[in-house]
Amino acid sequence: MKIRHTLLILTAILGIALLVAVSVQIREEILGYEATERMVASNAVREQLLLGTDALANERSLTFVLLIEDDVENGRLETLGEARRRVDGFLQAAENELAAARSALSNTDESLASLSRARRDIVALRDQVDEYLKPDQPRPRGEFAPRWFRQSSMVIEELQSSRLTLLQRERPLQPTLRAEANLRTFGGILSESIARNQALLARALRNPDAASSLDLEAIGRNAGRAGLAWELIEGQRASPLTEPVRAAIAASHEDYDSTLAPLQQSLLTALLSRVRPGLDSGQWYEVAGRSLQYVASMQKELLRSSREQLQAELRRAQRSVLQWSGLLLLGVGAVAGSILVVRRRIVQPLESLSQAMLKLADDDLTIPLPRVNRADEIGEMNDALRVFKANAIQRERAQNEKQVLHARLRDAYRQLQKDLEAAAVIQGAMLPPPARIGDVQFQGLYRPSSHIAGDTYNILRRTDGGIGFFQVDVAGHGAAAALVSVACHHALSQAILTRNQGTRLDEIAAQINDDWPDDLPYFTMILGEIDPRSRRARLVQAGHPSPLVIRSDGTVEPIGEGGLPVGIIRAATYETLDFAFEPGDRILIYSDGLIEAENPQGEQFSEARLRKLVGDHASADAPALLGMLDDVLRNWRSSETLDDDLSVLALERLPERIEADAVH
Amino acid sequence: MLSTDLRNNVLVVRVAEKRIDAGKAPAFKDEMARCIDAGQSQIVLDLSSVEFMDSSGLGALVSCLKRLGPRGSLAVAGAGGAVGRLFALTRMDRVFALHPDVETAVERLSV
């Protein structure tokens, strides 16, 4: 998994966790809001129902009193109409609220059905009442009053039970709201008890003698229920109630305890004991009406308080939802921002760095490095990468330069090699090929350690018929020694050719030694001559190994014991050695490369080995001797190469029976 | 390559090599030149460890002698075997004072 994925996934997980937590909280708040909304809707319906119930109780009392009156004043009919409109208004409002809360509340259909049934019942009852209230109505109105009272009370009970059902469904949990709902219920019981007694006592007071014991009993029961309602209301005093609510309760209770309850008790006592009551029907009706108004204003206060609290709660829930939603938006923004920052500040720079690294590792030095101007780790990595790239470019440049240099060296070497090969051809051409001069046959063996050698030799016929020869070995080997050997070759050849009669070989050597420049390497040589008239030869040995003379009888004699090399010591003197060189004799002149050649074990071939070898092959002629020497040496070396230049010159005075040939 | 030892004002230079050939000669020549340039005029060259010397080695030896000039002397001690034969062949025994060992050479030079 790449860092990009790790970082982005981590950030996303953190973000999602945060968003889920906030979303859960928002869901809670929305649920709370919806619950409050339902509560508000339920409360609004219940408020209208409560007001409607109160109004209906009022209509019931008004209608009841009208039904038991002997004649009906027009003004009271108008009051009844007014009361009916109020009932209709409240019930219509309740129905509207219910319809509006259909989405929020459950089972609204059931409540709506119950409400419209109640309204239908009321309308039917009213029609009957209106029939009885008609002026030309033959039936006595008083007959219908108890039925009206009973049936309208049933409607009131149905409305109350509908209200309580609603309350049951949306029971408030908040203590004040719950207390207020309870108080309204108890207030409803109280109001209903008072309203019933308003009507019943009014009828009883109208005709005290005819007051039925059943009615009186009902009045007593209602008074008891009212007292009980007050006890229940007082029981709620410990609940957290608002001041206006407490004041309204206190006012209503004060009125009930000081005015209505004692009056009601005394009237009932008077009626029971058939004593004339101190109050007539109308007066009582008014007193009870006032009490009912106290109760109604208490109910209104309760309703207002609940409404306000619910509205406040709704606003709070709304605010809370908004706050959490804002937090959610902030969270989303923070997560998106984090991902953006991680991408821009970490992931993208890392990716471009890693790509650049891979390219660099692939030797692609043209890759542009990302532009980063940062002091953090990515900036450091980028700086390091810049250094790597600079180093790589430098290395590549150095490599290229090295290659160019190498190519130049190769060219130079090739040129040198070519020069050396050309020089070798020239040097080889300077050496005399195998030939015969007079009765002397000669052959050379020449093997440079590299292309060109510090060894050289020559054999020349002098104008006086003598044969001059030399072999030179310049100290060191390679190009310098080769150049010096060419100079020697020339100087000695000239010296042999231009030699004045009588100049001795040692004088020539001394002359060359004296003329030899100090800054040139010295050389060793054998400079010799073969006398054409006698059977003798002479030579000068200048630091060169002693030549071997192989007599015709097979004996091998070294000539000379040494001598100073040429070019070492100024004013050196040399010695001319004179020795017999009979027909059939051979002389082998060699450079130290022959006897100092080492085998792989580091052992030198040595003069002793050479002398034995030559002695063993004493009968061989010059070419055969040289061929044999070459073979033996290659075997000794176990290699085709040599450490030092090697040259061997073999001269043979041919036996007399062979005709002297004047070639060369 | 060389180790030096001063005895009786004679610098004994010991050659700790088995060969003085074309490969070693330049270094040998340089080190000897430093000894000579340091002011030593009486030098004994101990060649007892040297088993082989070629013409380049001999050339280096002669150049040392030339560098030393007439004011000093360069004696050779312990030249035997192939080296001794080279000295004989090239008549270097006439140019260098040859001694069988370092002690003799030092004795002769310090007289």
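The values are calculated or read from the model by the stated rules, or taken from the named source; none is laboratory data. Quick caveat: nothing in here was measured; it's all calculated off a predicted structure. Every residue, glycine among them, receives a Cβ derived from its backbone with ideal geometry; neighbour counts consider all protein chains shown.
Kindly provide the set of residues from the stretch A:1-35 that are under 12 Å from residue A:324 (Cβ atoms) and among the acidic types (Asp, Glu), ordered by number. Within the stretch A:1-35, A:28, A:29 qualify. The one condition from (1) more than 14 Å from chain B (Cβ to nearest Cβ); (2) assigned to a helix (DSSP H, G or I) that residue A:510 does not meet is (1).
Checked against the criterion of being closer than 20 Å to residue A:189 by Cβ and at pLDDT below 95, the candidates A:269, A:259 yield just one match: A:259. Selection over the stretch A:537-548 of residues that are more than 14 Å from chain B (Cβ to nearest Cβ), in contact with a helix residue (DSSP H, G or I) (Cβ under 9 Å, 6 or more places away or on another chain) and buried (at least 24 other Cβ atoms within 10 Å of the Cβ) gives a count of 1. Test residue A:398 against the stated conditions and say whether it is surrounded by 17 or more Cβ atoms within 10 Å (Cβ to Cβ) and farther than 30 Å from residue A:624 by Cβ. Judged against the criteria, residue A:398 is not a match. Take residue B:80 and decide whether it is surrounded by fewer than 22 Cβ atoms within 10 Å (Cβ to Cβ) and under 18 Å from residue A:561 (Cα atoms). Against the criterion (surrounded by fewer than 22 Cβ atoms within 10 Å (Cβ to Cβ) and under 18 Å from residue A:561 (Cα atoms)), residue B:80 qualifies.
Okay, residues lined up against (1) closer than 28 Å to residue A:454 by Cα; (2) touching a helix residue (DSSP H, G or I) at 6+ places or on another chain (Cβ under 8 Å):
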| residue | (1), (2) |
| --- | --- |
| B:5 | no, no |
| B:12 | no, yes |
| B:18 | yes, no |
| B:38 | no, no |
| B:42 | no, yes |
| B:64 | yes, yes |
| B:82 | yes, no |
| B:92 | yes, yes |
| B:96 | yes, yes |
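Quickly run through the stretch A:217-255 and pick out the residues that are small (Gly, Ala, Ser) and not in a helix (DSSP H, G or I).
Just the residues of the stretch A:217-255 that are small (Gly, Ala, Ser), to begin with: A:218, A:220, A:223-224, A:226-227, A:229, A:235, A:238-239, A:247-248, A:250-252.
Once the filter is applied, which keeps residues that are small (Gly, Ala, Ser) and not in a helix (DSSP H, G or I), the stretch A:217-255 yields only A:239.
Which of the residues that make up the stretch A:562-588 are crowded, with 23+ Cβ neighbours inside 10 Å, within 14 Å of chain B (Cβ to nearest Cβ) and either touching a Pro at 6+ places or on another chain (Cβ under 8 Å) or more than 16 Å from residue A:505 (Cα to Cα) (or both)? Listed by number, the residues that qualify are A:567, A:568.
For the stretch B:36-67, a tally of residues being in a loop (DSSP other than H, G, I, E, B), of a type outside the set (A, V, I, L, M), on the phi < 0 side of the Ramachandran plot and more than 14 Å from chain A (Cβ to nearest Cβ) returns 4. Being closer than 21 Å to residue A:289 by Cα and in a helix (DSSP H, G or I) is a condition met by no residue of the stretch A:98-116.
Among the residues examined, residue B:33 does not qualify as closer than 19 Å to residue B:79 by Cβ and hydrophobic (A, V, I, L, M, F, W, C).
Residues that are outside any helix (DSSP H, G or I) and charged (D, E, K, R): does the stretch A:278-296 have at least one?
At the first step, the residues of the stretch A:278-296 found to be outside any helix (DSSP H, G or I) are A:278-280.
When the remaining residues are screened for being charged (D, E, K, R), the result is A:280.
Yes; the residues of the stretch A:278-296 include at least one that is outside any helix (DSSP H, G or I) and charged (D, E, K, R).
Might you check whether a residue that is outside any helix (DSSP H, G or I) and loosely packed, with under 12 Cβ neighbours inside 10 Å occurs anywhere in the stretch A:340-362? So far as the stretch A:340-362 goes, yes, one or more of its residues are outside any helix (DSSP H, G or I) and loosely packed, with under 12 Cβ neighbours inside 10 Å.
Among the conditions (1) farther than 28 Å from residue A:485 by Cα; (2) surrounded by 21 or more Cβ atoms within 10 Å (Cβ to Cβ); (3) aliphatic (A, V, I, L, M), residue A:618 misses just one, which is (2).
Here are some residues: A:171, A:147, A:139. Which one is surrounded by fewer than 21 Cβ atoms within 10 Å (Cβ to Cβ) and at pLDDT 85 or above?
Numbers: A:171 fails: at pLDDT 85 or above; A:139 fails: at pLDDT 85 or above.
Among A:171, A:147, A:139, only A:147 is surrounded by fewer than 21 Cβ atoms within 10 Å (Cβ to Cβ) and at pLDDT 85 or above.
Has the stretch A:519-535 got at least one residue that is aromatic (Phe, Trp, Tyr), crowded, with 16+ Cβ neighbours inside 10 Å and more than 10 Å from chain B (Cβ to nearest Cβ)? The answer is no; no qualifying residue exists.
For residue A:2, all conditions in the list (1) modelled with pLDDT of 90 or more; (2) surrounded by fewer than 16 Cβ atoms within 10 Å (Cβ to Cβ) hold save one; what is the number of the exception? Failed condition: (1).
Only one residue in A:23, A:61, A:42 is within 29 Å of residue A:281 (Cα to Cα) and either part of a loop (DSSP other than H, G, I, E, B) or among the small types (Gly, Ala, Ser) (or both). Which one? Lay out the reasoning, then the answer.
Working: A:23 fails: within 29 Å of residue A:281 (Cα to Cα); A:42 fails: within 29 Å of residue A:281 (Cα to Cα).
Exactly one of A:23, A:61, A:42 is within 29 Å of residue A:281 (Cα to Cα) and either part of a loop (DSSP other than H, G, I, E, B) or among the small types (Gly, Ala, Ser) (or both), namely A:61.
Of everything listed in (1) within 14 Å of chain A (Cβ to nearest Cβ); (2) within 13 Å of the chain's Cα centre (by Cα); (3) in a loop (DSSP other than H, G, I, E, B); (4) not acidic (Asp, Glu), the single unmet condition for residue B:70 is (2). Among all positions in the stretch A:549-561, there is at least one residue which is surrounded by 15 or more Cβ atoms within 10 Å (Cβ to Cβ), more than 9 Å from chain B (Cβ to nearest Cβ) and of a type in the set (Ser, Thr, Tyr). Could you tell me whether any residue of the stretch A:523-530 is in a strand (DSSP E or B) and farther than 23 Å from residue A:454 by Cβ? Within the stretch A:523-530, one or more residues are in a strand (DSSP E or B) and farther than 23 Å from residue A:454 by Cβ.
Reported count of residues in the stretch B:13-35, each being more than 18 Å from residue A:477 (Cβ to Cβ), touching a residue at least 12 places away in the same chain (Cβ under 8 Å) and either more than 10 Å from chain A (Cβ to nearest Cβ) or of a type in the set (S, T, N, Q) (or both), is 9. So the check is Cβ under 8 Å with 6+ separation or different chains; which pairs have a first residue in the stretch A:420-433 that's within 14 Å of residue A:478 (Cα to Cα) and a second one that's assigned to a helix (DSSP H, G or I) and at pLDDT 90 or above? Note: pairs meeting the criteria are A:423/A:482; A:427/A:482; A:427/A:485; A:427/A:486.
Of all residues in the stretch A:469-510, those satisfying the criterion of being on the phi > 0 side of the Ramachandran plot and crowded, with 18+ Cβ neighbours inside 10 Å are A:476, A:478.
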